[in-house]
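Peer 1: The following block contains the structure, expressed as structure tokens.
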Amino acid sequence: MVASQFEGQLVSWEEDYCNRVNPELMTRLLHDAIPVLKSVDWRVTEVEEGICVSELPLCFASTNQHGTHQAALISLSADYTGGLALATLLRGIPLAGVHRCKEENSASLWLAAMDVKYRSPSTGHLKATCVVPDDLAQTVRQRYFAGKRVLVTLTVKFTSNDEVVAEAEMKYFAQPSIQLLPTKQQPRISPLFAHKLKASARMIAGLRASFDDRGIRVDVGHERQAAGPHGALLANRLKGVLPQLQNMVKARTRHIDQTLESVPGLKQVVILGAGLDMRPFRLFDTLGQPTFFELDLPEMLEERTRVISQMTDRPMVSRRMIAADFKTDDISRLLLEHPDFDPTVPTAVVYEGCSMYFTEEENREILTMAASLCQHADSRLWCDIVTRSVVDGTSEHAEILKFVEGMDELGEQFIFGCDSPTEFMKTCGFADSDSLTAGEHLDVSDRAFSTYQFAVSRPRVSASHC
């Protein structure tokens with residue numbers, strides 16, 4: 001049972017209606033999340049506990065060659081009408097992917113199956129109605145707020161010109177989002193979390209492969225293939241919501257590349273959270289052909305393998321993939337026991353785009369283990385860290401607050417920030433560090449860039465390891 005979920009039950013319906021599920025709000029949020037709903041002007045018209053009514057207008061975009069509603073759009077309307085009726089029962093609980101929320105207090109809803117029976121052509125504005133029976137509503141509430149997965153079938157009825165047009169039987173899952181995350185007891189991640197993980201990696205690859213107005217660009221060939229159409233779509237959508245993020249990703253990509261190129265005699269590169277980073281293929285020859293050790297969750301490495309296997313022009317690269325969960329695995333042991341890893345040679349460790357998603361204690365543990373991998377004086381660790389104001393919402397700058405709000409809406413909430421990366425890295429076992437902001441690296445005055453910091457740390461080593 002999750003405490004914040006029980007607190008949700010204490011929210012009055014009037015408050016919940018006003019702040020979470022009223023028709024105007026849900027129409028706007030769903031239009032933003034699902035653009036096709038906006039393009040056909042679908043809208044929520046009525047909401048009560050256990051009840052949702054929506055309207056699909058008869059318009060040019062929503063009709064077929066006969067001037068009647070497209071069957072697929074009727075099914076789409078059924079999906080979100082029934083889903084919102086279900087969501088009204090989870091009083092006070094934001095919906096992942098729709099509301100601003102955290103994993104520990106949000107609900108994940110998804111459609112498992114549907115059966116739509118079309119009775120007659122729809123020749124007027126289409127009204128969809130879903131009413132959850134009282135006994136079923138009570139069962140849903142009891143199961144969800146007891147921390148259990150909900151599997152429920154709801155009926156959505158469609159009428160047009162007072163005639164029944166269609167009836168849909170919609171089967172939904174609902175579950176606390178935090179239960180989708182891997183744990184020590186249940187290390188295998190859920191399909192939904194795996195999808196989110198892969199989507200995020202594709203999006204970052206899409207941002208790397210894009211042009212920008214500052215001329216920061218990487219080898220778009222490999223990155224574009226890694227992103228695929230999904231990553232390109234997500235990157236383009238993200239640019240409209242968070243215009244600074246593209247240049248932030250480009251800045252950190254260039255800064256990492258420059259850091260790796262500065263390590264004399266580099267023999268090994270460790271990428272913590274490899275995702276779809278194509279750096280091994282871009283820089284293998286430039287860096288003197290080091291061995292790359294790529295660590296990530298097993299599901300992400302499977303996707304990485306799939307993407308790389310489809311590249312027809314990839315160069316031969318020395319790579320080793322190691323499955324690891326940074327929350328539960330000892331990454332130092334995984335590498336120090338690997339037959340091809342040698343901590344006494346010049347090594348670069350890259351911890352990119354990860355620190356903000358782990359707690360301070362988790363980051364300290366991960367980085368302390370990373371420090372044990374750097375036993376040569378020329379070894380380096382690169383890490384990016386946001387400032388505390390990004391995490392706790394104390395920034396006085398509107399553009400930064402908007403940036404954080406956009407990240408929350410994307411389900412990419414930041415939970416760790418630090419105003420002094422050099423001091424923090426000392427607590428993780430490094431001798432000293434150099435740090436600068438993305439704004440300083442790009443030479444821009446946009447205050448959002450001042451909250452994003454890059455740190456390059458040097459190890460504590462004895463003379464015998466030099």
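Peer 1: For Pro264, are the conditions met, namely being at pLDDT 95 or above, out of contact with any Lys or Arg (no Cβ under 9 Å at 6 or more places or on another chain) and not β-branched (Val, Ile, Thr)?
Peer 2: The answer is yes for Pro264.
Peer 1: How many residues does the range 345-368 contain that are within 15 Å of Phe293 (Cα to Cα) and of a type outside the set (Gly, Ala, Ser)?
Peer 2: Residues meeting the conditions: 7.
Peer 1: Still on this structure, please answer the following. Among the residues of the range 69-90, which ones are of a type outside the set (A, V, I, L, M) and not in a loop (DSSP other than H, G, I, E, B)? Show your work before the answer.
Peer 2: Applying the first criterion (of a type outside the set (A, V, I, L, M)) to the range 69-90 yields 69-70, 75, 77, 79-83, 88.
Across the range 69-90, the qualifying residues are His69, Ser75, Ser77, Asp79, Tyr80, Thr81, Gly82, Gly83.
Peer 1: Here is a further query. Starting from residues that are under 19 Å from Ala205 (Cα atoms) and not basic (Lys, Arg), keep the ones in the range 276-292 and report whichever is surrounded by the fewest Cβ atoms within 10 Å (Cβ to Cβ).
Peer 2: The selected residue is Phe284.
Peer 1: Within the range 253-260, can one find any residue that is at pLDDT 95 or above and of a type in the set (A, V, I, L, M)?
Peer 2: Yes, the conditions are met somewhere in the range 253-260.
Peer 1: If the Cβ limit is 6 Å and pairs must be 6+ apart or interchain, which residue in the range 252-275 that is buried (at least 21 other Cβ atoms within 10 Å of the Cβ) pairs with which residue that is in a helix (DSSP H, G or I) and not basic (Lys, Arg)?
Peer 2: Gly275/Ala201
Peer 1: Can you tell which of His31, His66 is over 22 Å from Ala146 (Cα atoms), free of Cβ contacts under 8 Å to residues at least 60 places away in the same chain and assigned to a loop (DSSP other than H, G, I, E, B)?
Peer 2: His66
Peer 1: Right, Ile93: in contact (Cβ under 8 Å) with a residue 40 or more places away in the chain, outside any helix (DSSP H, G or I) and more than 24 Å from Leu238 (Cα to Cα) or not?
Peer 2: Details: in contact (Cβ under 8 Å) with a residue 40 or more places away in the chain: yes; outside any helix (DSSP H, G or I): yes; more than 24 Å from Leu238 (Cα to Cα): yes.
So Ile93 fits the description; yes.
Peer 1: Checking Ala112 against (1) exposed (fewer than 15 other Cβ atoms within 10 Å of the Cβ); (2) touching a strand residue (DSSP E or B) at 6+ places or on another chain (Cβ under 7 Å); (3) without any contact (Cβ under 8 Å) to a residue 60 or more places away in the chain, which test does it fail?
Peer 2: If we test Ala112 against (1) exposed (fewer than 15 other Cβ atoms within 10 Å of the Cβ); (2) touching a strand residue (DSSP E or B) at 6+ places or on another chain (Cβ under 7 Å); (3) without any contact (Cβ under 8 Å) to a residue 60 or more places away in the chain, just (3) comes out false.
The values are calculated or read from the model by the stated rules, or taken from the named source; none is laboratory data. Note that the coordinates shown come from a computational prediction; the quantities given were computed from them, not determined experimentally. Using ideal geometry, Cβ is built from the backbone for each residue, glycine included, and neighbour counts are taken over all protein chains shown.
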